[in-house]
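Shown next, in structure tokens, is the structure this report addresses.
Read the figures in this text as sums done on the coordinates, not as results from a lab. Note that the coordinates shown come from a computational prediction; the quantities given were computed from them, not determined experimentally. Note that each Cβ is placed from the backbone with ideal geometry, even for glycine, and that neighbours are counted across all protein chains shown.
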Amino acid sequence: MNSNLHPLLQGLPLPAGPVRLRALSPSDAPAFLAYRSDPLVARFQGWPLMDEAAALAFLRDAAPAPWTVGDWAQIGIAKAEDDQLVGDIGLLLEAPGQVQIGFSLARPAQGRGWAHTAVLACLHGLLRPLQLRRVRAITDERNMPSRRLLQRLQFAETGREAVVVKGEACTDLVFERWLDQPDAID
């Protein structure tokens, strides 16, 4: 393995049925900006809107190596048939053995089971091999699709916190899942 690569990238590309997980690249900028600028996709996300220059810089440094506590890494979710970017998964290394996961999917790609397939592939194909044992996710309580996805993936709600996101008061739900126990995820 190439020790200069981010450890997540060493497991990519990773096929996952109709999608595949892969490294992000500057050529993804148009698709990346399109879904991240969509008000309905961005509504429950904490990230700020960005222009093309900021998107290119973000995509160039999406998975920095070494990956140290406090660092985010992003990987792409692409359609398997044509490699077109339809979303991304963000992973924050919170502590040794623990990550926080977040995901975004373009609206036309939603409702097809692709987020479930991509996150499941990430959990089993990338995080388990890296011996990451605990995965946390934080979502706005109003984001029902994300809540249902996390519950389907056997994440348990472990906390709630009143926050202000983009000037709007809301409640964040904290979900957790341990990867070192047997599961029966479909």
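Remark: spin-label model distance ARG148-GLU94 equals 2.5 nm, labels positioned 7 Å along the Cα→Cβ axis. When the square roots of the Cα gyration tensor eigenvalues are ordered a ≥ b ≥ c, the ratio a/c for the chain is under 1.5, which makes its shape rounded.
Among the GluC sites (Glu not before Pro) found in the stretch 1-108, those both in a DSSP coil and sparsely packed, with 15 or fewer other Cβ atoms within 10 Å of their Cβ, are GLU81. With K and R counted +1 and D and E -1, the other residues having a Cβ less than 9 Å from that of ALA42 yield a net charge of +2. Over the chain, dividing the summed -39,500 (n - 2.57) contributions of all DSSP H runs of at least 4 residues by the number of residues returns a 222 nm mean residue ellipticity of -5500 deg cm²/dmol. Each Cα pair under 8 Å and six or more residues apart adds its sequence gap; the mean of these over the residue count of the stretch 33-186 is a relative contact order of 17 percent.
Residues PHE155, PHE32, PHE44, arranged from fewest to most other Cβ atoms within 10 angstrom of their Cβ, appear as PHE44, PHE155, PHE32. Basic side chains Lys and Arg get +1 at the Cβ, acidic Asp and Glu get -1 at the Cβ, and with that the dipole of the stretch 124-186 about its Cα centre reaches some 140 debye.
Taking Cα centre as origin and charging only the Cβ of basic (Lys, Arg, +1) and acidic (Asp, Glu, -1) residues, the dipole magnitude of the stretch 68-186 rounds to 200 debye.
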